[in-house]
Amino acid sequence: MQSNSPQAHRQADWRQGWILVFSGFLPVMAIIALAPTLPTLLAHFHDVPNARLMVPLLITAPSACIALFAPAAGAIADRFGRRKLLLWAMALYGAGGLLPFFIDNFWAVVAGRFVIGIGEAGVLTVVNTLLADYYEEQARHRWLMIQGVVGSMLGTLTIACSGFLAAQGWQFPFLVYGVAIPIFLASLAFLFEPAPRGKRLHKTDGAPTATPFPKLVALMVCGVTVVLSTIYYVQVINFSLLLKEMGVGDPKSIGLWMAIPSIGVPIGAVIFRYTTRFGAGAQIFLVFVGYAIGLGGIGMAPDYKVALAFAFVQQLANGIIVPALIAWTQSKYSFEHRGQGMGWWASSFFVAQFLSPAAVNAMRGLVGDLQGAFLAFGIIAGVCALGAVLLRLRRPPAPAYS
């Protein structure tokens, strides 16, 4: 077992990189594993009061826990170390993820989803923190690209498998969370506690300088993240329901059709890697344009085949935005505040996931149907693209940390 004390002379290699890549997929899997099963879950728990609102929260309930606990997880990581927290978080993730398979009770399933959410808070925060702790900027961007490519491939496989498993029974998709077990064992064996590559020092005695947490920077990062991730989850969470409304009936077909547009995600991750030289502002603008085209096109599609084509554009943007937001956030914090900064970012990203179904439900009530809600969010993304251009023209570049 590795020591939890910082190891100043140890360098991360491909083993730590790949463990973090697979670990970073766990929080994503917590939502996409159930997305194709939403019609099946609605059918099984149809007796639950206000089922059309409550049952989708089974998919997004972990977001509430991440919103509450990710900042605390980041503060703990900064104060007491990254590795031990990550191991405990993975254990909670596996336990909460598998629990609903064994209990046929709606509120017990909700409880399991909150447990997995607590685990996600730690996993997401520490994985993104360790990527910046272990690697310099260029290597970090390369691992983020790999994470995006591999994660999208695993996501496509997970979506397809979840649709197949849902056809066997509503509880079977929860078995996919068992992949946390081998990832936990690999983390136990190979991850180590990092040491800062540089510290700010007093000029007189050479002691580390304690600097205040940059609250204004955190507020800006959180605000941008909430807007982007709310739009990000419109298609991710609701596309299975839209496919059903467009005539795709059984869960297996829904899972397979949802998997096809997700091919755009790894392409988007590669686009992220080759657009980093233009800066985060240019990447965010590109994502808003992709969302405007993708969601707007889905909202005007005459049938599910046309909707799938525009969903591919949406997924291209999804492939860019997650690594772009992570890299941007990592660059805003020094080592001493990086855990807390990534915790606040994780909180922002997943509170939007929690709120997105309610936002879509409200928009659907306003415009009349789900497809119209997609169109409305596409228009909002277009307005945000224009805003991103104006902000980029007026704002000078901010200092970054390695």
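With all protein chains in place and a 1.4 Å probe, the accessible surface of the chain carries 70 percent carbon and sulfur. Could you grab the Rg to Rh ratio for the chain? Cα atoms only, Kirkwood for Rh. When Rh is taken as the Kirkwood radius, the ratio is 0.97.
The alpha-carbon atoms of region 244-308 define a convex hull whose volume equals 81 cubic angstrom per residue. With the simple model of a label 7 Å out from the Cα in the direction of the Cβ, R142 to A51 spans 5.2 nm.
The residues of the chain have, on average, 42 Å² of accessible surface per residue, using a 1.4 Å probe with all protein chains present.
The fraction of all Cα pairs in region 1-114 landing in successive 5 Å bins from 0 to the largest distance is 2, 9, 16, 21, 16, 12, 9, 7, 4, 2, 1, 0, given as whole percents.
Using alpha carbons only, how many angstrom separate the centre of region 105-122 from the centre of region 304-325? The two parts, judged by their Cα centres, are 28 Å apart. Distance from the alpha carbon centroid of region 45-86 to that of region 349-389 works out to 22 angstrom. The count of lysine pairs in the chain with alpha-carbon distances below 28 Å, taking only pairs 8 or more places apart or on different chains, stands at 11.
The values are calculated or read from the model by the stated rules, or taken from the named source; none is laboratory data. Since we're looking at a predicted model, the values are computed, not measured. All Cβ positions, glycine included, derive from the backbone under ideal geometry; neighbour counts span all protein chains shown. Protein only, heavy atoms only, side chains kept; ligands, DNA and RNA dropped before computing areas. Shrake-Rupley method; radii C 1.70, N 1.55, O 1.52, S 1.80 Å.
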